[in-house]
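Since the structure comes first, as structure tokens, the remarks are kept for the end.
The values are calculated or read from the model by the stated rules, or taken from the named source; none is laboratory data. All of these numbers come straight from a predicted model, not from anything done at the bench. Using ideal geometry, Cβ is built from the backbone for each residue, glycine included, and neighbour counts are taken over all protein chains shown. What goes into the accessible areas is simple: the full protein's heavy atoms, side chains included, and nothing from ligands, DNA or RNA. Shrake-Rupley method; radii C 1.70, N 1.55, O 1.52, S 1.80 Å.
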Amino acid sequence: MIVLIPARGGSKRIPEKNIKTFLGTPIITRVINELKVSNIFDEVYVTTDSNDIKCVAEMAGGKVPYIRSKKSASDDATLHEAVCEFIIQHGLQNRHEIMAVALPTAVLLTSSTIAQSINDIQSGKYSSTITVSEFETSPLKALSISADGCLEKPNFFSDNAQSQTLLKYYKDAGQFYTFFTDEVVDRNSLVSNRCKPVILGKLMAQDIDYPEDWMMAEMKFQYLER
């Protein structure tokens, strides 16, 4: 089984995010190491449009078979497009094989989460898996601001509704995905209709879009290490 890390260069909000030092080690190196420690994958592949990312990934033991096309590395490109480019490059589009994808900033990804995801898709009950985390506050409690600057409350829920009675909602944790190679190229998403969510606790997931998110991820990582 193979796992792919799609690691595009050109991050704007956090420059060089995919190879930025995370507690002394490039963040993508930590992800590659965790994938190798899981002892599940035959190969860890990385696709990138950046020579700097290529060098760091190869030093960590990842294989970088080609430099991504401009189309799959553009600001408008989707994760699905980058994955399908890899599948087609390797002639896997007609094979019914399990493949995994880990994001280069999935520094809180653990071997147990990887194993659970693989076990779920191998069970035959599901055609894909995705790591998710629960919204800390229900979207049903969302507030908005009107054009004239006043606070507005969309009519999603009753003022008397208690949080524990509201339906739970989840979001993509941006960590790990599994699917079948022949099926994923025939749809527009890594996620299939029969997708098993692998639910992560609050300490096990962290979006890393802004510098403050990076600091929070480091704090969670250090806490879990202890």
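Take the conditions within 24 Å of Pro197 (Cβ to Cβ) and either β-branched (Val, Ile, Thr) or over 20 Å from the mean Cα position of the chain (by Cα) (or both) and apply them to Ile53. Does it pass? Spelling it out, it is not the case that Ile53 is within 24 Å of Pro197 (Cβ to Cβ) and either β-branched (Val, Ile, Thr) or over 20 Å from the mean Cα position of the chain (by Cα) (or both).
For the range 47-71, which positions are in contact with a Leu (Cβ under 9 Å, 6 or more places away or on another chain) and either in a strand (DSSP E or B) or at pLDDT below 95 (or both)? Before the answer, list the steps.
Taking the range 47-71 as the starting set, the residues that turn out to be in contact with a Leu (Cβ under 9 Å, 6 or more places away or on another chain) are 47, 62.
Once the filter is applied, which keeps residues that are in contact with a Leu (Cβ under 9 Å, 6 or more places away or on another chain) and either in a strand (DSSP E or B) or at pLDDT below 95 (or both), the range 47-71 yields only Thr47.
The number of residues in the range 72-82 that are open to solvent by 70 Å² or more (accessible area, probe 1.4 Å), assigned to a loop (DSSP other than H, G, I, E, B) and closer than 17 Å to Val185 by Cα comes to 0. When the range 61-71 is filtered for residues that are surrounded by fewer than 21 Cβ atoms within 10 Å (Cβ to Cβ) and either basic (Lys, Arg) or in contact (Cβ under 8 Å) with a residue 24 or more places away in the chain (or both), the ones remaining, listed by number, are Gly61, Lys63, Pro65, Lys70, Lys71. Of the strands (runs of 3 or more DSSP E) that lie entirely inside the range 107-226, those containing 3 or more residues that are touching a residue at least 60 places away in the same chain (Cβ under 8 Å) and under 26 Å from Pro26 (Cβ atoms) span 128-134, 170-180. Taking the conditions (1) modelled with pLDDT under 95; (2) open to solvent by less than 30 Å² (accessible area, probe 1.4 Å); (3) not aliphatic (A, V, I, L, M) in turn, Ser38 satisfies each one other than (1). Please pick out the residue among Ile87, Ile28, Ile53, Ile14 that is in contact (Cβ under 8 Å) with a residue 24 or more places away in the chain, within 20 Å of Ala205 (Cα to Cα), among the aliphatic types (A, V, I, L, M) and buried (at least 18 other Cβ atoms within 10 Å of the Cβ). Selected residue: Ile28, the only one of Ile87, Ile28, Ile53, Ile14 that is in contact (Cβ under 8 Å) with a residue 24 or more places away in the chain, within 20 Å of Ala205 (Cα to Cα), among the aliphatic types (A, V, I, L, M) and buried (at least 18 other Cβ atoms within 10 Å of the Cβ).
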